[in-house]
Every structure is written in C-alpha cells, then in structure tokens.
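Novice: Okay, handing you the structure first.
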Amino acid sequence: MPPKKRGAKSTGSAVLKLSADQEASIRDRMSNKPCINCDDHHEAWDCHMLQGPLPPMTWIYRIFPKPAVRAAGRRYVGTLQKDRAAGLKATAVGVPASSSTVDAGPVTPQVDAGPVTPQVDAGPAIPQVDGVSAAVENLSVGSSSAGAPPQVEEPKVAQGPVGEVTNVDSYPDDIAYAHNSDPPPADLLRVSRVAQSQPVDTELPHKTDPPKIELTDLMIGGNKFKPKHVPCKDPLAPFPLRKTLATTSMEVYTNNFEVRFKTGSEFFVYQIAGVPGSKSKARLEMVVKTVVQAWDFLKKNENHFAVDGTGLIVSWKDLHSSLGTPDHVGEKGHGDHTGDDDNAVDLQWSENMASIADGKSTLSPIFKYCGKLAIDKFMAYIDPSRPHTFKDLPRFDFSVVVNALNVVVAKNMTNDVFQLGANKFFVKSGYESLSKSLCTMRGYFYTIRPGMGTMLLSVNAATSAFYQPILVSEFMGDDTFPSYERESALKTKKVYIVHTRLVPSGADKVMRERTVFLNTLHKRVKSVFSFGKPIRDLSFFDRSRDPPGNTRVIDHMLRVFGKRPNPALKAVNVGDKDNEIWLPQEFLRILPYQLYRKIVPEKLTDKMLKSAAHTPVMSRSLIEAEGLLKLGISQPDNVRPFAKCPQLFINPRMLQIPATIMKAPKIFYYRAQRSPNDRAQWNLGPPQGPPKGSLRGPPQNRGGGNLKFIHSPKRTQGLRYYMLFDEKLGDPNTKGIYQTSFAKQVAVCGVGSGATCIGEMQMPTKRFTSHEQWMEWFGQSVAHLLHIHPGGSFVMMLLQTKSSSIYPAFKDVIDRFIGIQSICTTAKPNCNQYGRCNPGIDPYMANVVMKANLKTGGKNHTAAGDGGEFSLEEMLKDTLVLGADVVHPSGGSIIGCPSIAAIVGSTDASVAKFLGSMRLQSRSNKEVIDTENVRAMVMERIKAWQKHTSSYPKKVLYYRDGVSIGQFGQIKALELPEIRKAYEAVVKRPLEKLTAICAVKRHHTRLYPSHQSNATKNGNCKPGTLVDSGITSPYFSDFYLQSHNGLQGTVKPTHYYQLENEIGYTDIQVQKLTHGLCYTYVRATLGVSYAPPIYYADRLCERGRCYLRKFFVPDHSSQFYHKYEEAKKRIEKTTEVDTEKVLRARLGSKYSTKRGEKTDPQLVEEKEGKKRANMTLEEVYFQEARKYLEETRVDGPGPWKPALDDVMFWM
C-alpha cells in the first residue's frame, strides 16, 4: 500500500469539544511562570510584545493528532490565556544572564539550512533592541517549554560605541517554524535531521600515494575487441555516414571498458518532482535524500535504485505498481527522461505521498513515473547488426540513456571519495601541496558512452586544485594570493568553527542541551559571506549586563569559547547581508574538498602542471588500480557485475582496439624539403643522416638554419626594429647575444639581408606590477622610440621569464594603439643554472625568425600529405580553408566579460598563410557564433582570398573548434547556412561545396601503446596514431588522431567529426588531409596536436583576451575593478529595492527579511531579482568592453590597426 500522507489538513467542518481529560492535559502543559518578554503569566511564544503572529505550540500536534481535535485544543488554549490574570508578577523566574544567548558577535538567525548553512552560535547575552528581546531562548514555560518553538525577532541595528552591528540570536532549525505560516506537523521527517546525519570531513585524511604498476604488467594484454562496421544508408542522417574504415597495422589500449546489461534487464525512470525552485543545488539534494527516507517504498528499496541530486531515480525494479492508481495521468511524454518517446509516460502520485518538513515550510513532493529507459534502442544504436525494428537509429539521442546510466554508476562509488559534478570524483587522501593555501587532488572522470558494437565505460585520471583546510587567519596571511584578492577568494567557501563553546556556569538543562547541540558537527559548519572591520571595533548591546550596555565582541568570544581572538584581524561574516554573524578568523578552518575554480596563480603553474602530467604508465596505473576500484570494480580479469547494481556487468580490462600509424608528410621550403623524424619534428638546418647504428627513421635535421622560407617579402632588405629589455636579465650579455643571433638568422633564413636594432629601452619590471601601469608605460615608451628613431618595422621584447601580466599589456598597446608588429622572447630557456646566457642560441632564434617572417607578410612552409603521396595544394585547389573558435570568460572574470569569436581563412591553396577576423559574441558563454558575426567574418575571409589569388574560391573547408558532441547539430543548423550566405553575398553565386569538420579537444579518451615498438621513449603512442573504430560512432564519420609527439604527460588525441561533406572527400582522404595540415603550423618545425586552422583561430581568440585583460583577468587593486565593484553594488542595491517593493506588495505580512523565515515564493523572486541584476551588470560591462575595443577601430576585421590586417600578427 502507498504510504499515508502525513500532516494533511482536515476537510471536516464539525466543531468538536474537548473532553475533561483533554482539557486537563492542556492545563498541565500551561505554565504558571511569567513570560520572559514581559511580566504577564502566559506562554512566551504568544506574547503581545512580539511584533508578528507566532505559530502555536507543537505539543498540540503530539497529543491531538486529529486536525479537528487539534483545532479545539487551540481554541481552549486561547480561552485559558484570556482568563489568566495579568497581575501576578514574577520575582525570580527570569532567565539568568549566564543562560541567556547571543551569537558570536553580530549575528542573524539561520534556520534549517542543511548540513552546511550557518547556524547561529550560543553565547551568554540576549541583546536588547528598542526594549524588546531580539531573541527568545530557554523559554520558562514549564513542561511546555520543550515543545514550544523558540521565536526570533526581526533583526535590528544596535548602536555601540565602537561600531554598528546587528545582534540577533538564532535557534536550531529543527525547532523553528515559519513566521508567516502554519508549522509543519511534528511527526514529519525534517530535512535538517537528514542533513545532520550526513558525514562532514573537517580535515584531510592521511595522505596516500598513487598506485604503481610496472610497465610489463600493463603490457600483458587488454580486452581485445574487433569492431564491425555496419554500413548505414539513412537519407535523413544528421551527419555524413561512415563508408569505410582505415587499414589497421597494430592495436592500442584505450581507457574504455566494455559494459553489458544482464539479460532481460529493465530500468525504470522516476522523478521526485514538486520541490520549489527556490532550493539551491545542495539543499535540493538534501530534500531528495529526505524524501527517500520519508517514503517507505523508496527506503525499503534503496538497494534497487540510484538517485541523483535533482531527484532523478533510475531503478532496476518496478517501484510504482504497488502505489495503486496514479493521481494524475498526463499526456504521453517526450522521452526527456527515458530517451525514447515510445517508452515515455507521465504518471504521478501525490495525494498519498508523505510530506516532509524543510525548515519552516511543509513540502509535498510528487512521485512521477517517466517510463522505461530505452536500453533496447540504445543497444540497437550501438550495434545495428542486432535484430531490431527501429528505423531512425542514426538520429537517436543517446544522451538521455547515458545520463541515466551514469547515475547508476555513481551509486557504486566507495566512501573514501567525494563527487564533484555529474561525472567526476576525487580521492580524499590523494592530495599534493601546491602552497600553504592550495593543494591538488587526484580524481577521475567517468561516463557511459556508446562504442562501435559495444557499450563502454570511459574512465580517465583528472587533477584539480583545491583549498587547503587551514585556518582563515592562516589563509589571509599566506602569500599564495595577493593581499587584495584573499577576501574574495574565500567568499562562499565553507568553514568550520574549531573551538568548542563552553557551557555557561549556572546554565539550566535547556541551555546545556542547546550548547551541546550547537557544538555538534553540522552546527559548526558555516559559509563565508564577507569580511568586516577588525574584531576589536565590533560590539553589541548586552541586556544581561547591570546596567545593560555595549559589550565588545572579543570579550564575548572569550566568554563563549574561552579563547580571546586577535583584535587586529578582520571579523568574518558567516551569515548574510541582512543577518550578519561575525566570528574571528582564527576560530574558522576552511573545510577540505572545495574546488579552486580559477586559474592557479602564475607562480604555481609549473607545480600544477607537474602534478597533473601523468606519464602513460602512471595514467594507466591510476585508472586500473585506483579509478575502477573507487567505482566499486575490483581488478580480476573476469567479467563481473557492478558492486551495487547487478544488472550491469563490466570487463575490468582496458579495451584493446585496432589502430594504425599514418605516414608523416613531406615538408616543403623554398627550393628544399625535409622529412620529419619519428617524433614528428625537423630542424631548419642542413639534413643529416642518423648516427651510425641508429634505428631511427627519417634523417635528422640538426644545426642552425640554412633553409629559406617559401616566401619572404623583405628578403633583400634589412630589418630595422626596436628592443624593450627586462631590467631583471640575469646576464648583462643576454641582450647582445640575442641581437647578434637574430640578425644572423634573419639573413640565413632569407627573411631579410640582416637585422638592426635602431632603438632600445629598459623595462621597469622591478617597479611595475599592474596591467594599467604597463599599458601606460608601453604606450609612452614605444611612441617615444618611434619618434626619436623612425623607420623601425617591429618591436622585440626580451623578458627574463614569461609574464602573464606584461605580455597582454604589450600586445594590446602595440596592436591597437601603435599599429606595429611585435615579437616576444624570453631569456630563461637559454640560460644555465647560474643565469648565464648560452651564446649558441641559433636554433632557438631560427624559430623566432619564423615569427618575424610571418609578421612581414611571408609564408614559412607547406606540406605534402601521407609521406608525399599527395599534395595539400592539389587537394585544396580552389578551396578556402576556414578555422573558427570561441573563447569564454573564466571563473575569475567580471560579470559582463564577453565571449570572443574568431574565424581565420587561408589566402591560397598552400595553407601557409591565414588571416583573421574577430568579433564579440552577443552574450557571455555563448558557444555557437552569432549568425551575423559568422556572415561578416566569412565575407572578410573570402575577400582576402580574392585579394591574394585574384579569384574567388569554389569550395570551403570549415574546421570548427570548441564545441561538444551535443552542439554539433546547432553548428550545422546555425553556422553553416551563414557561410553559404556570406559566399553568395560576396561572390554573387551559390557556394558549390562546403565541408565542415569539428575538432573536439576537451574529451577524456586516451590511447596507450600495446607494444613498446609502437611507443615513444616516454611511453606515449607514436605521432600519427589513428583510431577510427571501436570507440568511434557506429554510424558517422569520425576518428581520433594523435598527430604530435607528447613531451609531457599522456598525449590527448584530437577527435574529428564530420558535420557536412559536400566536397566529397572519402573518409580516408579526410584523415590524410587533416594529418597533413597538422604539419603546416606556421611557427614550429613539428606536427601539432590539432588542425592548424583552428589552432590559429584559438590563438586569435587569445589575442582578444589580451585586449580585454582587465575584463577576463581583472586586477582587484586597479581603478577599473574598483569602479566595477561600485557599479555592481549599485545595480544590486537598486534591483534589491525594486524586488522588495514588489514582494511587499504581493506578500504583505508574509514578507520577511530573515533568510530562515522567507517563503518559497519570496525566495524564488529574490533569486530572479539577482539574475536580473546580473543581466543588467552583464549588459553594462558588455557595452563597456565593446566601447573599449572601438576606441581604436570600429570597422574592419578586428580592433587592431589596419596595418596588421594582411599579416598573421597574432602568431
């Protein structure tokens, strides 16, 4: 039978009269003691001096469970209170000062906030506000006091001699009820109770080292899988269908594991619905956990289903048939939860579902049955050779099934990990220190995915930065972050009160119990809202004093905790804006497992990369020896079920799939060519054969350069340039060595007859630190050099080491305000351990000269693919090659920081030169490029092609970066039509043929060699490794290509996916063309990791980040950021006032400023108000960014000076 709904309101209208025994039971619970708010003899929670109506006593719910009798009980209580005489005065029954309460400093009530929402601490004083207690605690109401809910007054400001603070106490959320609504029935399961049962780690456990497996053990063998390609001819397929597979020559391991369903398995999908939208993600998760415990049919079947934090339940047992007839039968669903419209239903149960108590409100969730998970269609999609009746398999959206199965996989996680996001978890003991304030933690990404012929579980090692669990005072004193960034870095972070509250001397039983309660683990967890004044400047009005008066918070801390805080440190507000709760920094420890979401400080970058860069052997060890184990999968070779889901079986050996190594292309220079070695590299020097006895393949190219680039416009002229050099250069000879070697290589490579520095200036790197300072200095200094030494063609900057603050300012000024070419170099790569510069830097400088040739309008090299069997120029005849990318704001960017889109295009079939266009997206974090931007930028690229070739292209090859598989359809539907429109607008005829390929770099697939003969020295697969089966789509033309030689960590192949193929390339031709392009990267003598067109677009987007540095990576000490903060506060305040007016008019007396007393409609509206404020701020600063870029140029392909339009200045 379905569970009976608790707390239901009575529908009867009869007025009952209590029996004599019932009246006596009420009289026994009524107190003869005076109210602590006044001298009258009545219940404190019904005092006329309190400003708002209060809920009735909870003990009535216990003794009178029937609503009608309960109502009679309330009426009888009211009669008794009216009849009571008010003349009896109390003499010594008030609350003693030692048992009075106030929070640690100026505080506000926090009610039912779950496991991590702040709960106000106990203290020894009740603040007086306008003659009325701001809080009522330890009610002296006889036996009824245990059941009567303590009440909290509206917070007010108490003016003290050393500061203005708010002092309001708060109460345990499990005994506080709604200020403006009926209290939840006492027998309901409370969210707070479930939250308090959840474990909370306050410190890191003992550190464990990553597992280690010998290479010989890893090479023993995997799960050999020979995928079968089943051709498909669906004319409505959304993307080009695969027609053939590449010829394979070897096998590789991949971090994918074969998963199977138990025969006859069924998965049912349910949803816990009806939860107010005001809940945060963390609170919603607690609500879901409470519902599971409150509904008996779920609690008894917890071993038969998995549930996520949103209330999605995936069960391998029918949970709904025993519930009887549903209360609501909706229209047939749309497969949103099941993956198949044919399986989707909408059956809902609500009337007999038990309600739960969430703070001051009663929640009545709905149980919804969505249908059976479409696993039959999913398996038919994976293996179309299986007998099936489905007709639209290539169009099947498998993401719904994948998401549901990921919920099932997550259920199997062990207790020594914590989950972060939907598909990632971290090992609690797997940490390494980055600094005193930050550490790295090793974790794992996982997901179910369709393979070619089998279902796969992909598992990959991951590393992220986290906050160290140190005291807030230690964090604020650490130099990991600049002093002005430390406060903002801690906002919203969870902290733990390390000290235990003392039980006040003379405290009664209630006060002692309350102190014990507030010392429990969950009541010590808070969240940082802001920092305030030094704690010595804070005080509150203490009515327990004789006479009443102000008490310093530091003295109050000593009484409450027995510890005196450091008076000079700023107090920490762990409440909110309206209800402040101040605590000392040294009383709070940052909780572990909190992700640091921004880019780590520059000084920690190397340590972060070292920690995250796992060698292939280590990567496999982590995945197989730890990652699977933490997912509840032991390592024996045999197929086994998941630990907590017997319907799923997994083979714990890595999938071993066919692969091949593609031939490296020939590299062409001016009247010369080179062959890359087995590391996909070559030099600009004369070719030399391998050392005697060497087994390495193609000739090595050693020494300084004597190759000439295929085109250098200033080959017969001398280059004249300016130099800005770092005052912190370790060797005074560095500048001269660089100038000499640069002049030599310019001549050797045919870029010019030589190079002369005609003006130089030392950079004040010891004095300047901010972006604004460098912008001003570069503008003045370069303009001065141009004035006194006219005729230079570019500026070279020589730094001792890379600088993420100097570089953007330099490029912004040079590109947008000066309009001259620029080159950046660093001394560190050519200095020894003592800081002395190595004079033999010709190979390094030859690469610098490659940049110089590009910036003079030249072309460096091209390639012929597949070992020279075909020419890129032949394949790309009359073909404009485009590359597109979008870059988005990061976690540390300001609200309103725009996304930047860039499209680059080739100038001829050699693909040795690309020119670019840049635009701001219409809103932040929009991945699909605005249609008007696509059209405008492609038109510019077509015109540039015509300018260089005197003809228009007939075909377009479009490489797109930065999108996930789920966005492919949007790219095809929105961007490709705009390319056609742009072509027709310029050329005045329709585009004949368009081929589009997406390159996905942000994925978790890795390839490992199955034999040492196919591995590089560091254990990676060799460059050119190609996989187009097994882990690829069962239908569409896609492949994984590792085109480069990985120098650090485990190499990530690029996943290429065709969206359109009107040019008619075969699957093999697309693979060879893409591989050949990877060797045409204009500023390196090696194969790069993904197709250069999108590499160039990515670099151009990064140049846009340099221009908008103050928006993307703001300097918190800058004037710009201070103005931004002021605007943010002003907009938030205006929106807040407007929202409050609307709410007061709409809610009337139900409106509250106390977070714990706000109704769900109020919380939802306030959340929407914050969104409106962010949207307003975003629009203001989006326009500010646009205005900043338009200071220098309104029309044209980008915000740079017109002199840079015809060169690859951003490379």
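The values are calculated or read from the model by the stated rules, or taken from the named source; none is laboratory data. Keep in mind that this is a model prediction, so the values were computed, not measured. All Cβ positions, glycine included, derive from the backbone under ideal geometry; neighbour counts span all protein chains shown. All accessible areas refer to the heavy atoms of the entire protein, side chains included, with ligands and DNA or RNA removed. Shrake-Rupley method; radii C 1.70, N 1.55, O 1.52, S 1.80 Å.
Novice: What shape does the range 911-981 have by the C-alpha gyration tensor, where a ≥ b ≥ c are the square roots of the eigenvalues, rounded means a/c under 1.5, and otherwise prolate means a/b greater than b/c and oblate the rest?
Specialist: Prolate, since a/c reaches 1.5 and a/b exceeds b/c.
Novice: Just subtract the alpha-carbon distance of Lys1123 and Arg1146 from 0.36 nm times their residue separation and send over the number in nm, one decimal.
Specialist: Working: separation 23, 0.36 × 23 = 8.28 nm, distance 3.45 nm.
My answer for the length gained is 4.8 nm.
Novice: Quick one: dipole size for the range 1119-1204, taken about the Cα centre, charges +1 on Lys/Arg Cβ and -1 on Asp/Glu Cβ, in debye to the nearest 20.
Specialist: It comes to approximately 280 debye.
Novice: When the accessible area of the range 1119-1204 is computed with all protein chains present and a 1.4 Å probe, what percentage of it is carbon and sulfur?
Specialist: The nonpolar share, carbon plus sulfur, comes to 51 percent.
Novice: Let me ask you something else. Show which lysines lie in cross-link reach of Lys708 when reach means a straight Cα distance below 26 angstrom and same-chain residues fewer than eight apart are skipped.
Specialist: Answer for Lys708, where 26 Å is the Cα cut-off: Lys663, Lys666, Lys735, Lys744, Lys851, Lys855, Lys859, Lys877, Lys913, Lys947, listed by chain and number.
Novice: Whenever you get a sec, line up Asp416, Asp234 from highest to lowest accessible area (probe 1.4 Å, protein heavy atoms). Before the final figure, lay out the partial values.
Specialist: Numbers: Asp416 65, Asp234 25 Å².
Reading off the accessible areas and sorting them downward yields Asp416, Asp234.
Novice: Which value, in Å² and to the nearest 10, is the accessible area of Leu609 when all protein chains are kept and the probe is 1.4 Å?
Specialist: The value for Leu609 is about 90 Å².
Novice: Further, regarding this structure: At a 1.4 Å probe radius, which order do Phe418, Phe642 fall into by accessible area, largest first?
Specialist: Phe418, Phe642
Novice: Distance in nm between label sites at Val1194 and Ser505, each 7 Å beyond Cα in the beta-carbon direction?
Specialist: 7.9
Novice: Here is a follow-up. Does the range 863-1112 come out rounded, prolate or oblate by the C-alpha gyration tensor, with a ≥ b ≥ c the root eigenvalues, rounded set by a/c under 1.5 and, if not, prolate when a/b is larger than b/c and oblate if not?
Specialist: Working: a/c = 1.64, a/b = 1.20, b/c = 1.37.
Verdict is oblate for the range 863-1112.
Novice: Checking the table Lys491/Lys828; Lys424/Lys493; Lys212/Lys1052 against a 31 Å threshold on Cα-Cα, which pairs fail? If you can, show how the numbers build up before the last one.
Specialist: On the way: Lys491/Lys828 37 Å; Lys424/Lys493 20 Å; Lys212/Lys1052 21 Å.
Pairs exceeding 31 Å: Lys491/Lys828.
Novice: Can you give the FRET efficiency to the nearest 0.05 for Glu1179 and Ala20, using r as the Cβ-Cβ distance and R₀ = 41 Å?
Specialist: 0.05
Novice: Would you kindly find the accessible area of Trp945, with a 1.4 Å probe and non-protein molecules such as ligands, DNA and RNA excluded, rounding to the nearest 10 Å²?
Specialist: 10
Novice: Separate question: Cross-link candidates for Lys391: which lysines have Cα within less than 24 Å, leaving aside residues fewer than 8 places away along the same chain?
Specialist: The reachable lysines, counting only those whose Cα sits under 24 Å from Lys391, are Lys228, Lys233, Lys243, Lys332, Lys372, Lys377, Lys972.
Novice: For a quick check of understanding: with a 1.4 angstrom probe and all protein chains in place, what accessible area in square angstrom does Cys998 have, to the nearest ten?
Specialist: 0
Novice: On a 30 Å Cα-Cα criterion, which of the cross-link pairs Lys577/Lys607; Lys317/Lys1167; Lys526/Lys926; Lys993/Lys1110; Lys714/Lys1201 come out too long?
Specialist: Violating the 30 Å limit, Cα to Cα: Lys577/Lys607; Lys317/Lys1167; Lys526/Lys926; Lys993/Lys1110.
Novice: For the range 489-548, rounded, prolate or oblate, judged on the Cα gyration tensor with a ≥ b ≥ c (square roots of eigenvalues), a/c < 1.5 rounded, else prolate if a/b > b/c?
Specialist: Oblate is the answer for the range 489-548, as a/c is 1.5 or above yet b/c matches or exceeds a/b.
Novice: Once phi is turned into θ = phi - 60°, what whole-Hz ³J(HN,Hα) does the Karplus curve with 6.51, -1.76 and 1.60 give for every residue of the range 492-497, x standing for Gly and Pro?
Specialist: Per residue, the Karplus-derived 3J(HN,Hα) values read 6, 6, 7, 9, 10, 6 Hz.
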